[in-house]
Amino acid sequence: MCGIVGYVGHRPALDVVLDGLRRLEYRGYDSAGVAVLTGADGLAVERRAGRLANLEARLDEVGREAFAGTTGMGHTRWATHGPPVDRNSHPHRDGRGRVAVVHNGIIENFAALRRELEGAGVEFSSDTDTETVAHLVARAYDGVDGGDTEGDLPASLRAVCRRLDGAFTLVVTHVDEPDRIVAARRSSPLVVGIGSGEMFLASDVAAFIEHTREAVELGQDQVVTITRDGYEVTDLHGEPSRVRAFTVDWDLSAAEKGGHEYFMLKEIEEQPEALANTLRGHFVDGRIVLDEQRLTDQDLRDVDKVFVVACGTAYHSAMVAKYAIEHWCRLPVEVELASEFRYRDPVLDRDTLVVAVSQSGETADTLEAVRHARGQKARVLAVCNTNGAQIPRESDAVLYTHAGPEIGVASTKTFLAQIAANYLVGLALAQARGTKYPDEVAREFNELAAMPSAVRQVLGTVETARRVAASLADAKAVLFLGRHVGYPVALEGALKLKELAYMHAEGFAAGELKHGPIALIEEELPVVVVMPSPKGRAVLHAKLVSNISEIQARGARTIVIAEEGDETVRPFADSLIEVPAVPTLLQPLVSTVPLQVLAAEIARARGYDVDKPRNLAKSVTVE
Ligand code: M6R
């Protein structure tokens, strides 16, 4: 995915756009670029491969005064078509340099469009799909290919969008239109920020939250024109179109580091609040209530099977949910990687509930899984952290995780919030279906509601995890073991370590160890073990103690996450990280936290950028 900012107003556009890009850099950091309309036929463009800092250094070299103007746009890229080099960086221009375009998404039919343009004598200067749009818009605006779009920028963009397949947010400027910017979206995010005498466009409200919290979310296949005094939205045929206005419920401080070296470290600390905010308002008059509930209690009673679909960390939260939903609702629950879901012909019908979990709400794999499920008449409930994103828009019901903006590419607070939200879905199902009595639902909710303070307690004791991290900085590989709800926690711990520390890390169900992975155990290999409670899951606890002694006997170094006061496991732990005792199903909320700290600290010790791991972007809008 990429980050996009557009601005028309009274301030220097370059400053506004660069500030916005700084807040959107988590969306991609392969290159960055800006374009500013400088009046009198002027369009100043600069772009550079690498981080935003490279672009800023280049702007200092060429002199920022060349970018004087109050209409501009910018882009931060996660490369899809063409390597991350200067010539593939956005904005892209037409041959005469009169149109500039930035783009997030993939234009699937770009090769055919490019061939057509090249056949008409157009020369390309990049490998990107985006450049086709710059040429097409320029030709439409100049009336080269006929039609009635000549001299009309919104009509030109609409005509071009009608020819595009795939997903896109496109923002377009033209030198002849210095006071307006036109943008369009399909399956990629775009929001309009409404200021006073100024208007903003962005992939995410974080880009303009400093200036306004009033926003409008664009719908599918809509085109918006912003001027300093307002905005106008149409469909792809120029008919006026409705949009949803909203007020952002967090402020600038939430999108800033607040004294932390990295966003991720701040976001780890924000977990108690993320949990509390996600639970707030969902237990009213003794009943669980969801957010945008477009499913009736009867719909929930009719459900005979649940699929939870998601990717990455969200998938691990889905794995955790399976244990709770099956236990509370006596319903079969299948957990699916969203990227696999629609390719294996899952059995779905109107009595299937598909829960789609996504922080961003724009992950292409999960979105396509949602579309597939709805196409098969299944009901879809989205668990999402981003107000009005595409996945909740296309779902029958929504439950928002109110974790606030998560800027670190590695998910932390949204994982805990997803677990809490998934549990609310489970309790809502149990309540509607009568598989739990109201007092049992209340007890489960109250236990969940006590978790922010348990997580706060864990945060007070992460020093041990930091010390362990320091001793693991040179390890070649780390294994993670867990059972029951500790298994997805082990997978999440391994994922964090892979993505942040670029270290080989594998998570296993501890019971599987003897079926193969035990062959990996060698002298000094660090193995992190997530222990169940000795009281809550005594049988599993005993089996895991045996597993640990087996690996210790083979020379591995054991790092054990265990409940406070678990004396049985102590002799088998080379390092022991204690977490508070909580009910079994809630253990992932406490045992994940030290693993997040471990990964972040190892990455730091190895000198890596904790917020922006290599090759990654915060959400993945390509399949
Ligand atoms: O936005 P989503 O929750 O749909 O993103 C899914 C995954 O890409 C995401 O959880 C990813 O695995 C994490 N950033 C890893 O920390």
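Checking the conditions here, which among 528, 489 is under 17 Å from residue 561 (Cβ atoms) and within 16 Å of the ligand (Cβ to nearest atom)? I'd like the intermediate steps shown before the answer.
Details: 528 fails: within 16 Å of the ligand (Cβ to nearest atom).
Going through 528, 489 in turn, just one is under 17 Å from residue 561 (Cβ atoms) and within 16 Å of the ligand (Cβ to nearest atom): 489.
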Discussion item. Suppose we filter 318, 245 for residues that are in contact (Cβ under 8 Å) with a residue 24 or more places away in the chain and surrounded by 18 or more Cβ atoms within 10 Å (Cβ to Cβ); which single one remains?
Written reply: 318
Worksheet item: in contact with a strand residue (DSSP E or B) (Cβ under 7 Å, 6 or more places away or on another chain) and buried (at least 24 other Cβ atoms within 10 Å of the Cβ), is that true of residue 180?
Response: no
Worksheet, complete the sentence: Checked pairs for segment 348-376, first more than 18 Å from residue 420 (Cβ to Cβ) and not assigned by TED's automatic domain parsing to the domain that holds residue 294, second away from the ligand (no atom under 12 Å from the Cβ) and part of a helix (DSSP H, G or I), C-beta under 7 Å and 6 or more apart or across chains, list as none
Response to the item:
Flagged in segment 462-491 as buried (at least 16 other Cβ atoms within 10 Å of the Cβ), among the small types (Gly, Ala, Ser) and touching a strand residue (DSSP E or B) at 6+ places or on another chain (Cβ under 9 Å), in numbering order, are 465, 475, 482, 486, 490
Discussion item. Among the listed residues 610, 590, identify the single one that is crowded, with 21+ Cβ neighbours inside 10 Å, hydrophobic (A, V, I, L, M, F, W, C), closer than 30 Å to residue 262 by Cβ and away from the ligand (no atom under 16 Å from the Cβ).
Written reply: 590
Worksheet entry | Only one of 550, 523, 623, 564 that is surrounded by fewer than 20 Cβ atoms within 10 Å (Cβ to Cβ), closer than 28 Å to residue 413 by Cα and more than 16 Å from the ligand (Cβ to nearest atom) | 564
Fill in: Failed item, numbered, when residue 411 is tested on (1) in contact with a Lys or Arg (Cβ under 8 Å, 6 or more places away or on another chain); (2) within 12 Å of the ligand (Cβ to nearest atom)
(1)
Item to complete: Considering each of 371, 379 in turn, give the residue that is of a type in the set (D, E, K, R) and away from the ligand (no atom under 15 Å from the Cβ).
Response: 379
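Quick check: anything in segment 195-205 within 20 Å of residue 70 (Cβ to Cβ) and among the polar types (S, T, N, Q)?
Here is the first cut: in segment 195-205, the ones within 20 Å of residue 70 (Cβ to Cβ) are 195-202.
Those left that are additionally among the polar types (S, T, N, Q): 196.
Among the residues of segment 195-205, at least one is within 20 Å of residue 70 (Cβ to Cβ) and among the polar types (S, T, N, Q), which makes the answer yes.
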Worksheet item: Which ones in segment 337-361 are buried (at least 20 other Cβ atoms within 10 Å of the Cβ), within 16 Å of the ligand (Cβ to nearest atom) and in a strand (DSSP E or B)?
Response: 354, 355, 356, 357, 358
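Give me a count of the residues in segment 127-140 that are more than 25 Å from residue 151 (Cβ to Cβ) and surrounded by 19 or more Cβ atoms within 10 Å (Cβ to Cβ). It would help to see each step written out before you state the result.
Initial filter on segment 127-140 (more than 25 Å from residue 151 (Cβ to Cβ)): 127-129.
The next check asks that each one be surrounded by 19 or more Cβ atoms within 10 Å (Cβ to Cβ); those that pass are 128-129.
So the answer is 2.
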Worksheet item: Failed condition for residue 420, given (1) within 16 Å of the ligand (Cβ to nearest atom); (2) farther than 14 Å from residue 273 by Cα, with all others met?
Response: (2)
Practice prompt. Sort out which residues of segment 170-198 are out of contact with any helix residue (DSSP H, G or I) (no Cβ under 7 Å at 6 or more places or on another chain) and either outside the structural domain of residue 70 (by TED's automatic domain parsing) or polar (S, T, N, Q) (or both), and write them in order of number.
Written response: 173, 188, 196
Discussion item. Can you pull out every residue in segment 24-36 that is over 14 Å from residue 201 (Cβ atoms), of a type in the set (A, V, I, L, M, F, W, C) and in contact with a Pro (Cβ under 9 Å, 6 or more places away or on another chain)?
Written reply: 36
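Condition check ((1) under 25 Å from residue 200 (Cα atoms); (2) at pLDDT 95 or above; (3) assigned to a helix (DSSP H, G or I); (4) polar (S, T, N, Q)) across all residues:
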residue	(1), (2), (3), (4)
48	yes, yes, no, no
58	yes, yes, yes, no
72	yes, yes, no, no
75	yes, yes, no, no
80	no, no, no, yes
83	no, no, no, no
90	yes, yes, no, no
95	no, yes, no, no
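The values are calculated or read from the model by the stated rules, or taken from the named source; none is laboratory data. Worth saying up front: this structure is predicted, and the values here are computed from it rather than measured. Please note: Cβ atoms are built from the backbone with ideal geometry, for glycine as well, and neighbour counts cover all protein chains shown.
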